[in-house]
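Asks: What follows is a structure written as structure tokens; I'll ask about it next.
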Amino acid sequence: GQLPTWLQGTLLRNGPGMHTIGDSKYNHWFDGLALLHSFTFKNGEVYYRSKYLRSDTYNCNIEANRIVVSEFGTMAYPDPCKNIFAKAFSYLSHTIPEFTDNCLINIMKAGDDFYATGETNFIRKINPQTLETLEKVDYNKYVAVNLATSHPHYDSAGNVLNMGTSIVDKGKTKYLLFKIPSSVPEQEKKKSCFKHLEVVCSIPSRSLLHPSYYHSFGITENYIIFIEQPFRLDILKMATAYIRGVSWASCLAFSKDDKTWFHFIDRKTKKEVSTKFYTDALVFFHHINAYEEDGHIIFDIIAYTDNSLYDMFYLKNLGKDFEECTKLTSIPTCKRFVVPLQYDKDAVLDSNLVTLPSTATAVKEKDGNIYCQPEILCEGIELPRINYDYNGKKYKYVYATEVQWSPVPTKIGKFNTQTKEMLHWGQDDCWPSEPVFVPSPDAKEEDDGVVLTCVVKTDPKDPPFLLILDAKTFTELGRATVNVEMHMDLHGMFIPQKDKKTETE
């Protein structure tokens, strides 16, 4: 096929790539050692490159020729030959664990630099051209967080906004929203932008020892949206996980009878909206987008009724027949919540406060809390992406992988949130990855551009390829076949040519 001449830059992807080291194996697919790969578009040609992230975790494991650093689903143990005192000491030092720097989930841009990210307090700077691993950054040196998301937001000035959990810091467990500036003052050019990191606000956890797990958060022009779901980490269990010989993943529990609380933080005043909004118990990983309209906040997420998704990816479940064997007990559902921030204070109890045309409702209860029920937009999509120029604004299109009852995507789709129409791309024996939208330089409409996805074939003898679709029509423009073994990855970003420093720099 033909690539658009304007498509110049690099698609950079991240995901778990190595699951066996010596005789030891990881238990969970999300534990594998990070493998970065990239497709560079240059004058109608595509160049492929891949490289393992040379994290401290990678180096320790490779040197020992076995897994010695624990990951979320795999607890690792120090050298069994060590004496009893060293052993006892290593048990004690694991109470609040020294987390891994195997940053395998996403790529983040901060200032002019790019980082591989996971969900711990460590990120790793990388060279987006050569995929070399550079310095390790510990968020904890700049802000008191033990965990942080891999789905930051970028404001119009290029600053990074992210959230992290601070575990029992000064006797409190809280969620912190922090900002990493895109540039530093001229006189401090030598310093990193992390030195100027600021905490925007903190939200106390509803429970000191059971903070909510979250993978992303939402943003509109004036608000930050944080969802505290009843899928929680048990800190006490986590502190004793090492001694008990169980993984940290086993310290996560979903309470199906609990509520899911919505927190809205005003970006100007840095204060939380005082009204309490909630919905039924749900588990979710990905926010799609959010915006404001006529005194309402509208946000779209992909939610589940249980936490079976994580369990699917234990490697023992991913055998050769896993498509038949592993069935999700809850199908991913795209839910739109419509939350009336400015509602009639004299409204009758139990009346719907939503005044926009939507089947979503928000009902005021006796205690003053507002119970929200979503509008269902569609089912069976995951790994959603949008045209990021519309982030926090009213939008139409979601690009996503399509999953039905099996966790592995067989198609990608373009969903119109307004008309509910869905366009698909799929081929037999193909597993596409998260679709990334790249706008064309002279874009007039939201879907002027291309969608890029890496496609792995189910038969290892068939080579994988990068697929380029016209975002408007969802028809294939071209594909670049790569004769290597390619892994299923998680997330990534497109770096336009103008954002990259030249090779010599």
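Asks: Can you run phi through the Karplus equation (6.51, -1.76, 1.60; θ = phi - 60°) for segment 219-224 and list ³J(HN,Hα) in whole Hz, with x for Gly and Pro?
Replies: 3J(HN,Hα) across segment 219-224, in whole Hz: 8, 10, 4, 10, 9, 9.
Asks: State the extension gain, in nm to one decimal, for the chain segment bounded by D429 and D350, taking 0.36 nm per residue of separation less the distance between their alpha-carbons. Numbers along the way, then the final one.
Replies: Values: separation 79, 0.36 × 79 = 28.44 nm, distance 5.02 nm.
My answer for the length gained is 23.4 nm.
Asks: Counting only Cα, what are the radius of gyration and maximum Cα-Cα distance Dmax of segment 9-499, in Å?
Replies: Cα only, segment 9-499: 22.4, 71 Å (Rg, Dmax).
Asks: May I have the extent of the alpha carbons of segment 364-435 along their three principal axes, as whole Å values ordered from largest to smallest?
Replies: Each principal axis gives a Cα extent; for segment 364-435 these are 54, 30, 19 Å.
Asks: Near the amide H of I297, under 5 Å away, which other amide H atoms are found, from residues 5 or more places off or on another chain, if H is placed in the peptide plane?
Replies: Long-range HN contacts for I297: V339, L341.
Asks: If you don't mind, another one. Select from P340, L209, N127 the residue farthest towards the positive end of the dipole of the chain; place +1 on Cβ of Lys and Arg, -1 on Cβ of Asp and Glu, and compute about the Cα centre.
Replies: L209
Asks: OK, next. Sum -39500 (n - 2.57) across every DSSP H segment of at least 4 residues in the chain, then divide by the residue count to get the 222 nm mean residue ellipticity, nearest 500.
Replies: -2000 deg cm²/dmol
Asks: Also, quick follow-up: Counting only residues 5 or more places away or on other chains, whose amide H sits under 5 Å from the amide H of E434 once H atoms are built in the peptide plane?
Replies: Under 5 Å from the amide H of E434: no residue qualifies.
Asks: Determine the per residue accessible area of the chain with all protein chains present and a 1.4 angstrom probe, expressed in square angstrom.
Replies: On a per-residue basis, 45 Å².
Asks: ³J(HN,Hα) across segment 370-381 via Karplus (A = 6.51, B = -1.76, C = 1.60, θ = phi - 60°), whole Hz, x for Gly/Pro?
Replies: 10, 8, 9, 10, x, 8, 8, 7, 6, 10, x, 10
Asks: What does the charge dipole of the chain about its Cα centre add up to, to the nearest 20 debye, if the Cβ of each Lys and Arg holds +1 and the Cβ of each Asp and Glu holds -1? Walk me through the intermediate numbers first.
Replies: Details: 56 positive and 65 negative charges, 269 e Å.
Here the size comes out at about 1300 debye.
Asks: How high is the relative contact order of the chain, in percent, counting Cα pairs under 8 Å that sit 6 or more residues apart?
Replies: 12
Asks: Once you treat every alpha carbon in segment 236-362 as an equal point and sum by Debye, what is log10 I(q)/I(0) at q = 0.17, 0.18 Å⁻¹?
Replies: -1.03, -1.10
Asks: Could I have the simple spin-label model distance between K170 and K271, label points 7 Å from Cα toward Cβ, reported in nm to one decimal?
Replies: Going by the 7 Å Cα→Cβ label model, 2.0 nm.
Asks: If you don't mind, there's one more thing I want to ask. Of the heavy-atom accessible surface of the chain (probe 1.4 angstrom), what whole percent is carbon and sulfur?
Replies: The C+S portion of the solvent-accessible surface of the chain is 51 percent.
Asks: Can you give the extra length, in nm with one decimal, that the chain gains between E132 and D389 once fully stretched, where that is 0.36 nm per residue apart less the Cα-Cα distance?
Replies: Working: separation 257, 0.36 × 257 = 92.52 nm, distance 2.93 nm.
Result: 89.6 nm gained on full extension.
Asks: So, one more: Tell me, what is the FRET efficiency for T359 and T329 to the nearest 0.05, using R0 = 22 angstrom and their Cβ-Cβ distance as r?
Replies: Approximately 0.30, to the nearest 0.05.
Asks: Determine ³J(HN,Hα), in whole Hz, for all residues of segment 172-177 in sequence, where each value follows from phi through the Karplus function 6.51 cos²θ - 1.76 cosθ + 1.60 and θ = phi - 60°; x replaces Gly and Pro.
Replies: Result, rounded to whole Hz: 10, 10, 9, 9, 10, 9.
Asks: Subtracting the Cα-Cα distance from 0.36 nm times the residue separation, let me have the gained length for Y278 to N140 in nm, one decimal.
Replies: In short, 46.6 nm is gained.
The values are calculated or read from the model by the stated rules, or taken from the named source; none is laboratory data. Everything numeric in this text was worked out from a predicted model, so none of it was measured. We place every Cβ from the backbone using ideal geometry, glycine too, and count neighbours over all the protein chains shown. Heads up: the accessible areas ignore ligands, DNA and RNA and are worked out on the full protein's heavy atoms, side chains in. Shrake-Rupley method; radii C 1.70, N 1.55, O 1.52, S 1.80 Å.
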